[in-house]
Amino acid sequence: MSESDKRSVTHWLGVFCSVALFALVLSFGRFMTAQPQRSAGSSPDHRFARNAAAGGMAGVKLGELAQEKASDPSVRAFGRRMAEDHTKTGEQLKQLAQSQNITLPAELEAADQARYDQLSKLSGPEFDYAYMQMMVQDHEKDVAEFQKEASSGKNTAIKNFAAQTLPTLEDHLREARDVAANRKASL
């Protein structure tokens, strides 16, 4: 293996490790912010709504960042779709939350802000790769959470919101996987 190949492998290994670290930070951050809510006695449906709102806000911010930082037009287009779709869904969720007397987060969670900050330091193909890997992981988790709420939620309005939003998230996941696979093929 040539010295150039070794550097390239080392570089992409570092990018992969960064993406894995982002996912770990996100998971830990969401777990930690959910703990106080459990002790406050809120219902699983209300926790779902708060987590969905937090994830949606992160989707918008990261999508806007992708529109600025991505070098690949398909990654920029995916970012634009994330910003638009998650903004629309966020507005629907805000209306639902008001009718259900649920307080949604107004700012990014610490873990999401940390992921945003890390991604904002990347550019070009490094950004494209890290962002798309993150989007695949996030949407896999989101689809699972929305499926669970749509099938076993107790609050009818929140359960219906999850069921209505699920096809869009599944489409996001398919697109994220396609774009990510194309990014891998171009490396």
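Some values worked out for this structure:
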read-out	value
Euclidean distance of C-alpha centroids, segment 140-180 and segment 111-126, integer Å	25 Å
Spacing of the two label points (7 Å from each Cα toward its C-beta) at Lys154 and Glu170, in nm	2.7 nm
³J(HN,Hα) computed for each position of segment 158-174 - Karplus, 6.51 cos²θ - 1.76 cosθ + 1.60, integer Hz, glycine/proline x	6, 4, 5, 4, 4, 5, 6, 7, 3, x, 5, 5, 5, 5, 4, 4, 4
Charged-residue dipole, Cβ positions (Lys, Arg, Asp, Glu), segment 58-163 about Cα centre, Debye nearest 20	300 debye
Placed amide H near Leu122: partners under 5 Å, 5+ positions off or other chain	none
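Computed from the coordinates by the stated procedures, all read-outs in this text should not be read as laboratory data. Everything numeric here is computed off the predicted structure, so don't read it as measured data. Neighbour counts run over all protein chains shown; Cβ positions are idealised from the backbone, glycine included.
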